[in-house]
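Input: a single structure, listed below in structure tokens.
The values are calculated or read from the model by the stated rules, or taken from the named source; none is laboratory data. None of these values were measured; they are calculated from a predicted model. Neighbour counts run over all protein chains shown; Cβ positions are idealised from the backbone, glycine included.
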Amino acid sequence: MRILMLGNSFTYFHGMPRLLAALTGAEVASHTRGGANLGEQYNPETEMGARTLRALAEEKWDYVVLQEQSAGPFANAKAFREHVTELCRLIRANGAVPVLYLTWAYREGSEKLAKTGLSYAEMKQALSDAYHAAAAENGALIADVGDAFFRVTAEMKAYDPDGTRSDTVDLYVPDDYHPSAAGSILAASVIAKTIENHRAGLGK
């Protein structure tokens, strides 16, 4: 099995493509750049776009994982839908299955989150709505990492409401939006499970 991951730092932090390879037994390649959006992935004028277009035209893949810039799906909704549609067209032509890697809300109570004008639950829902709509339009799978982050964060808050325990799991690094090692492991696990379910006939 061969998997191609297209994204940015939310994909490459802590060697997540290697984690996905270990969980699935697949050969995993990644085309990433910090801050990149999906539009760059099919732009032949960019180094990464030219590389991605060659990979989709000249190599065979089983799954291609798409990860948009963190706030892009709701902050630039029209562009996000266009990016997903164009990439899914190329992925289908390759014979592969597109997988949308639905990312997470910024850390609850952080300045980074406050700048979006949304609450933690609202950002989580805005991302979910955007990714699910794009998946429905393009027949793509959804790896709902954002929901997994939301649930684990709620569980840790219930376990340690005062923030005084030393044995809790923090899914974020101190910048309040990139994943910690635990966050990357969780993301890889959700993506792996999505692919596993599809191969077993349990997904779309």
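Some points to look at:
- Checked against the criterion of being at pLDDT 95 or above, farther than 19 Å from Asn76 by Cα and surrounded by 13 or more Cβ atoms within 10 Å (Cβ to Cβ), region 128-141 has at least one qualifying residue.
- Any hit, region 149-159, residues being within 17 Å of Pro73 (Cα to Cα), touching a helix residue (DSSP H, G or I) at 6+ places or on another chain (Cβ under 7 Å) and of a type in the set (A, V, I, L, M, F, W, C): no
Yes/no matrix, rows are residues, columns are (1) more than 21 Å from Ile195 (Cβ to Cβ); (2) among the acidic types (Asp, Glu):
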| residue | (1), (2) |
| --- | --- |
| Glu111 | yes, yes |
| Met123 | yes, no |
| Ala130 | yes, no |
| Asp147 | no, yes |
| Ser166 | yes, no |
| Tyr177 | yes, no |
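- The sole residue among Glu86, Glu59, Glu27 that is over 23 Å from Arg151 (Cβ atoms), modelled with pLDDT of 95 or more, touching a Phe, Trp or Tyr at 6+ places or on another chain (Cβ under 6 Å) and not β-branched (Val, Ile, Thr) is Glu86.
- When every residue of region 133-141 is checked against the conditions, none turns out to be outside any helix (DSSP H, G or I), among the charged types (D, E, K, R) and out of contact with any strand residue (DSSP E or B) (no Cβ under 8 Å at 6 or more places or on another chain).
- Here Leu6 passes the criteria (1) farther than 16 Å from Ile142 by Cα; (2) crowded, with 18+ Cβ neighbours inside 10 Å except the one numbered (1).
- Note on region 1-79: no enclosed helices (runs of 4 or more DSSP H) hold 1 or more residues that are among the basic types (Lys, Arg), within 17 Å of Thr103 (Cα to Cα) and in contact (Cβ under 8 Å) with a residue 60 or more places away in the chain.
- Among (1) among the β-branched types (Val, Ile, Thr); (2) surrounded by fewer than 20 Cβ atoms within 10 Å (Cβ to Cβ); (3) in contact with a Pro (Cβ under 8 Å, 6 or more places away or on another chain) - the single one Thr46 does not satisfy: (3)
- Filtered residues of region 49-79 (kept if surrounded by fewer than 20 Cβ atoms within 10 Å (Cβ to Cβ), under 22 Å from Ile195 (Cα atoms) and acidic (Asp, Glu)): Glu59, Asp62
- For region 90-113, a residue qualifies if it is in contact with a Lys or Arg (Cβ under 9 Å, 6 or more places away or on another chain), surrounded by 23 or more Cβ atoms within 10 Å (Cβ to Cβ) and not in a strand (DSSP E or B), and the qualifying residues are Trp104, Ala105, Tyr106.
- Region 166-180 residues that are assigned to a strand (DSSP E or B), paired with ones that are crowded, with 16+ Cβ neighbours inside 10 Å (beta carbon under 6 Å, 6 or more apart): Tyr172/Arg107; Tyr172/Ser180; Pro179/Phe13
- Candidate set from region 176-203 (those that are more than 18 Å from the chain's Cα centre (by Cα) and not aliphatic (A, V, I, L, M)); member that is surrounded by the fewest Cβ atoms within 10 Å (Cβ to Cβ): Gly201
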